[in-house]
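Okay, so here's the structure we're looking at.
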Amino acid sequence: MKGSNASTWQIKKISWLFRTIGSGTTPNSQEQSYYDGDIPWINTGDLKDKEIRTVTNTISKKALIDYSSLRLFPENSLVIALYGATIGKLGILTFPATTNQACCVLSHPHSEVDVKFIYYWFLGHRRDIVALSLGGGQPNISQEIIKSVRIKIPDLYYQRQIVHFLDHQTAKLDQIIEKKNRMIELLQEKRQALITRAVTKGFNPNVLMKDSGIEWLGEVPAHWTVSRLKPFIFLNPPKKEIASFSLDTEITFVPMEAVNESGEVDISRIKPMSECVTGYTYFRNGDVLLAKITPCFENGKIALVSGLNNGIGFGSTEFHVLRAKDNLDRHYLAFIIQSDPFRKLGEASMVGAAGQKRIPESFILNFKLAIPPINEQVEIAEFLNQKISVIDNVINHLNYQLSLIQEYRQALITATVTGQVDVRDKLEKLTEAISAGKE
């Protein structure tokens, strides 16, 4: 079959493959009459590398009339995220829709083009496309870049065979990915429940209990001290305590992205203190870092730091630094601020404009809880460290498996849409397997 031979595939520009390539805009957000209408309005957050069946936002007919840059793209259009955290993400419309300016839409395909094949081509070449982006802080793929992309395509019949093959193969892989993600979610829920139980009730089922006087907390062990957190911590210690250090001292630098949601910290970045002493947050070994800004706080970016170069670290100004006093074990402190009550109440107490909300110092200092004696804190923290370590190891192994599956999925798509995989024989075997009830 002609189309199966990659040497016969034709090179075409995207601007030739689609008669319409465009974008949209964002109507004035202060004008309520422009929103909550019956016209779907796609944002990059709606792009999930699959067909778009639901949207987060809608606009009105008035917005469509008032903004000439808004157009209604037809069903079966391909949508690509041009910039931001979702750059390169894709979606195929299953209904007519408009978009904002961060989306590029390819519509009205040439008669020789299967849109789903182009979708898979972009999936398989996403890294290459993103590599063409412009800009520093926020890389940007322009419409002109998309239009100028040249791709090699087979005849329409073989495009559809490729799509059929990839639809089936990726669906199987996606089922495996979904199951593993669900396993990770359940383990994370177990992890959180274990921490929350430990720092609110302890583990002795026979201990005498008392009313804490805190509505959300209920009863606590009778020998625990009900208190605000303030008497147990230093919050955001001053830099003056390292005034004797030379500015040439090499220290550890920790940006926000160096802390993950499992409490692990990348301490590989080293800088002279002179570059950090102004404009960054100071901490030292044994301190607990707490991301104070949304969404990092809600995501659980919390870490007990150790192994810092010369015992000193500087990092993002979006960290709060908590240091345990002598009456509080630092490991136990880290578990307190990982617990569900601290995180949920903290989220409700955030202040500031949307997208820039932060946890105020007052919430941390005034957070009320019951705290056990120091020896019991140590026992609970050691128990949790042991149990959490086992759970985290399983989660890490599942994440590793996921990365391998996702890499294989990506490689399979790339190889298939570039003709390195001849799908004819595979489709015949697939058809036979389905007929035999093995698929």
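The values are calculated or read from the model by the stated rules, or taken from the named source; none is laboratory data. Quick caveat: nothing in here was measured; it's all calculated off a predicted structure. Glycine gets a Cβ as well: all are built from the backbone with ideal geometry, and neighbour counts include every protein chain shown. Calculation scope for accessible area: heavy atoms of the full protein, side chains included, ligands and nucleic acids excluded. Shrake-Rupley method; radii C 1.70, N 1.55, O 1.52, S 1.80 Å.
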* Where a residue in the range 297-309 is free of Cβ contacts under 8 Å to residues at least 40 places away in the same chain and its partner, wherever it lies, is open to solvent by 20 Å² or more (accessible area, probe 1.4 Å) and not acidic (Asp, Glu), with Cβ under 6 Å and at least six apart -> SER306/ASN285
* **From the options ALA85, ALA81, residue that is open to solvent by 50 Å² or more (accessible area, probe 1.4 Å), within 20 Å of LEU123 (Cα to Cα) and of a type in the set (A, V, I, L, M)** => ALA85
* Could you list, in sequence order, the residues of the range 1-24 that are among the hydroxyl-bearing types (Ser, Thr, Tyr), within 35 Å of the chain's Cα centre (by Cα) and surrounded by fewer than 16 Cβ atoms within 10 Å (Cβ to Cβ)? -> THR20
* Given the conditions (1) crowded, with 20+ Cβ neighbours inside 10 Å; (2) assigned to a strand (DSSP E or B), report the number of the one that TYR120 does not fulfil. => (2)
* Single residue of the range 25-54 satisfying the filter (closer than 14 Å to ILE80 by Cα and assigned to a loop (DSSP other than H, G, I, E, B)) that is least open to solvent (accessible area, probe 1.4 Å) -> LEU47
* Extreme residue, modelled with the highest pLDDT, among residues of the range 404-439 that are among the acidic types (Asp, Glu) and outside any helix (DSSP H, G or I) -> ASP422
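To keep it simple, each residue is scored yes or no on (1) under 30 Å from the mean Cα position of the chain (by Cα); (2) open to solvent by less than 10 Å² (accessible area, probe 1.4 Å).
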| site | (1), (2) |
| --- | --- |
| ASP329 | no, no |
| TYR332 | yes, yes |
| PHE342 | yes, yes |
| LEU345 | yes, no |
| MET350 | yes, no |
| ALA354 | yes, no |
| LYS357 | yes, no |
| PRO360 | yes, no |
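One line per residue, one yes/no per condition, for (1) among the acidic types (Asp, Glu); (2) at pLDDT 95 or above; (3) surrounded by fewer than 15 Cβ atoms within 10 Å (Cβ to Cβ):
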residue: ARG182; (1), (2), (3): no, yes, yes
residue: LEU186; (1), (2), (3): no, yes, yes
residue: LEU194; (1), (2), (3): no, yes, no
residue: VAL199; (1), (2), (3): no, yes, no
residue: PHE203; (1), (2), (3): no, no, yes
residue: ASN206; (1), (2), (3): no, no, yes
residue: SER227; (1), (2), (3): no, yes, yes
residue: PHE234; (1), (2), (3): no, yes, yes
residue: ILE242; (1), (2), (3): no, no, no
* **Matching entry among THR86, THR170, THR58 (being part of a strand (DSSP E or B) and more than 17 Å from PHE18 (Cα to Cα))** => THR58
* **Complete set of residues in the range 329-354 that are in contact (Cβ under 8 Å) with a residue 60 or more places away in the chain and in contact with a Pro (Cβ under 9 Å, 6 or more places away or on another chain)** => TYR332
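Tell me, please, whether a residue that is of a type outside the set (D, E, K, R), touching a Pro at 6+ places or on another chain (Cβ under 9 Å), in contact (Cβ under 8 Å) with a residue 60 or more places away in the chain and part of a helix (DSSP H, G or I) can be found in the range 364-384. Talk me through it step by step, then tell me what you get.
Here is the first cut: in the range 364-384, the residues of a type outside the set (D, E, K, R) are 364-367, 369-375, 377-378, 380-381, 383-384.
Still in the list and also touching a Pro at 6+ places or on another chain (Cβ under 9 Å): 367, 369-370, 372, 380.
Retained after the next criterion (residues that are in contact (Cβ under 8 Å) with a residue 60 or more places away in the chain): 367, 369-370, 372, 380.
Applying the additional criterion that residues be part of a helix (DSSP H, G or I) yields 380.
Yes, the range 364-384 has at least one match.
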* Structure fact -> Filtering the range 260-270 down to residues that are at pLDDT below 95 and in a strand (DSSP E or B) yields VAL265
* Asked: Would it be correct to say that GLU257 is farther than 23 Å from ARG191 by Cα, exposed (fewer than 14 other Cβ atoms within 10 Å of the Cβ) and acidic (Asp, Glu)?
  -> no
